[in-house]
Amino acid sequence: MGRYRNRFILLLAYVIALLIIGTVGFALLPPYSLSDALYMTVITLTAVGYNEVHPLTDTGRALAALLLVGGLTGMGLYFALITSMIVEMDLAHVFRTRRTMKNIDKMKNHIVVCGAGRTGRQVIFELISSKIPYVVIERDPERADLVRELDEEALVLEEDATHDESLVESRIGQARGLVAALSADTDNLFVCLTARDLQPNLTIVARAFDAKTMNKLYTAGANHVVSPNISGGIRMASLLLRPQVMTFLDVVTRGGERPLLLEEVLVPEGSPLLGSSLAEAKIPEKTGLIVIAIRHGDERRGTFLYNPGPDEMVREGDVLIVLGNSQQIDKLRDALSA
């Protein structure tokens with residue numbers, strides 16, 4: 001758009017120059033006053049076809065003819081610039097859409113964010129900080145542009161997330177999770193129903209403004225439902241009752257470039273640590289991490305064993321909750337996958 005701005009400035013300078021030349025030229029022809037000369041210049045440049053203010057001499061007619069040609073040329077340039085700008089904007093939108101779809105087709109193990117309001121953009125910010133790939137579905141162009149301002153490489157589908165086609169285009173079948181953060185609870189309900197039908201193993205997190213909607217969202221297929229009113233009230237009370245604990249949790253749960261992280265690590269199939277006890281695995285000694293809790297993937301699914309003892313066995317599908325920095329977490333993942 002910068003080059004178009006410069007072109008419009010040049011065109012404006014061209015028109016102003018014609019106005020000055022025409023006004024001065026007509027003013028030099030008696031009996032034209034300055035106001036008569038300006039009026040005559042304007043109606044000549046715009047080719048409106050009004051009668052002459054005063055009869056023109058041959059010199060005056062030559063000046064009027066030159067101004068008429070100059071005015072028609074200026075109008076032609078103006079409409080050419082407008083047309084060119086509109087066409088380029090449309091082509092830019094088409095090319096951006098094609099590029100976005102091409103990049104989305106390559107996505108795997110990503111997060112689909114439905115809705116780019118305040119909550120959705122905060123989710124996107126956290127995903128960017130954690131370097132997690134994501135696709136955004138937002139039908140409001142202004143909100144879509146806000147996401148692109150947040151992340152120039154953001155993959156945004158300007159479509160309605162409640163439509164099946166939009167979720168399919170986001171490659172939900174290859175996604176690891178979905179966030180339903182639309183402005184209406186009913187829309188989030190539709191998204192959960194559709195997403196669960198398209199991807200039965202998908203982890204779905206939904207937002208609910210009305211607490212009465214939370215159970216309906218769980219029924220629709222959401223794994224987790226967050227109510228800003230409820231969670232906000234709990235957080236405010238906790239900040240009053242246990243401020244140091246909340247400060248610590250803020251440090252270890254926000255991710256990004258912070259020195260300390262509270263992270264979950266999955267024990268994959270074929271890990272060399274399978275069948276080892278925590279004492280034998282020596283996770284703190286080898287990585288510097290603290291194992292806060294463990295959830296076994298078989299017999300105690302859904303429950304956590306906090307502060308596990310050294311004799312606790314590592315099994316396939318277990319989830320380890322650990323505390324440390326990003327480099328230490330990467331070391332543990334490498335050790336589990338070696």
Condition (residue is out of contact with any Leu (no Cβ under 9 Å at 6 or more places or on another chain), surrounded by 16 or more Cβ atoms within 10 Å (Cβ to Cβ) and assigned to a helix (DSSP H, G or I)) applied to the stretch 22-38: is it met by at least one residue?
yes
Under the condition of being of a type in the set (Gly, Ala, Ser) and loosely packed, with under 12 Cβ neighbours inside 10 Å, which residue from the stretch 214-244 is nearest to ARG196 (Cα to Cα)?
SER231
In the stretch 140-179, which residue that is more than 8 Å from the chain's Cα centre (by Cα) and of a type in the set (A, V, I, L, M, F, W, C) is nearest to ASN109 (Cα to Cα)?
ALA175
Just one listed residue, out of ALA180, ALA184, is open to solvent by 20 Å² or more (accessible area, probe 1.4 Å) and modelled with pLDDT of 90 or more, and it is ALA184
Matching residues, the stretch 221-245, being of a type in the set (A, V, I, L, M) and touching a Lys or Arg at 6+ places or on another chain (Cβ under 7 Å):
VAL226
Being at pLDDT 90 or above and closer than 25 Å to ILE132 by Cα narrows it down to one of VAL291, VAL251, so name that one.
VAL291
Is at least one residue of the stretch 227-238 hydroxyl-bearing (Ser, Thr, Tyr), assigned to a loop (DSSP other than H, G, I, E, B) and on the phi < 0 side of the Ramachandran plot?
yes
Spot the failing condition for LEU182; the list is (1) closer than 15 Å to THR119 by Cα; (2) assigned to a helix (DSSP H, G or I); (3) within 18 Å of the chain's Cα centre (by Cα), and only one is missed.
(2)
Of all residues being more than 14 Å from VAL267 (Cβ to Cβ) and free of Cβ contacts under 8 Å to residues at least 24 places away in the same chain in the stretch 314-338, which is surrounded by the most Cβ atoms within 10 Å (Cβ to Cβ)? Just the residue, please.
ASP330
Picked from the stretch 151-167 (must be out of contact with any Ser or Thr (no Cβ under 7 Å at 6 or more places or on another chain) and assigned to a loop (DSSP other than H, G, I, E, B)), the residue nearest to VAL179 (Cα to Cα) is ALA161
Options LEU81, LEU77: the member that is over 30 Å from ILE172 (Cα atoms) and either open to solvent by 50 Å² or more (accessible area, probe 1.4 Å) or assigned to a loop (DSSP other than H, G, I, E, B) (or both):
LEU77
Those residues of the stretch 266-304 which are under 23 Å from VAL252 (Cβ atoms), open to solvent by 60 Å² or more (accessible area, probe 1.4 Å) and of a type outside the set (Ser, Thr, Tyr), in sequence order
LEU266, LYS282, PRO284, GLU285, LYS286, ILE290, ILE292, ARG295, PHE304
Look at LEU217 and say whether it is outside any helix (DSSP H, G or I) and touching a Cys at 6+ places or on another chain (Cβ under 9 Å).
no
Those residues of the stretch 188-235 which are of a type in the set (D, E, K, R) and touching a residue at least 60 places away in the same chain (Cβ under 8 Å) amount to ARG207
Let me confirm something: among ARG98, ARG148, which residue is assigned to a helix (DSSP H, G or I), of a type in the set (D, E, K, R) and in contact with a strand residue (DSSP E or B) (Cβ under 8 Å, 6 or more places away or on another chain)?
ARG148
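The values are calculated or read from the model by the stated rules, or taken from the named source; none is laboratory data. Note that the structure is a prediction, hence the values are computed from the model and not measured. Quick reminder, even Gly has a Cβ in these numbers, built from the backbone with ideal geometry, and neighbours come from all protein chains shown. These area figures cover heavy atoms from the full protein model, side chains too; ligands, DNA and RNA do not enter into them. Shrake-Rupley method; radii C 1.70, N 1.55, O 1.52, S 1.80 Å.
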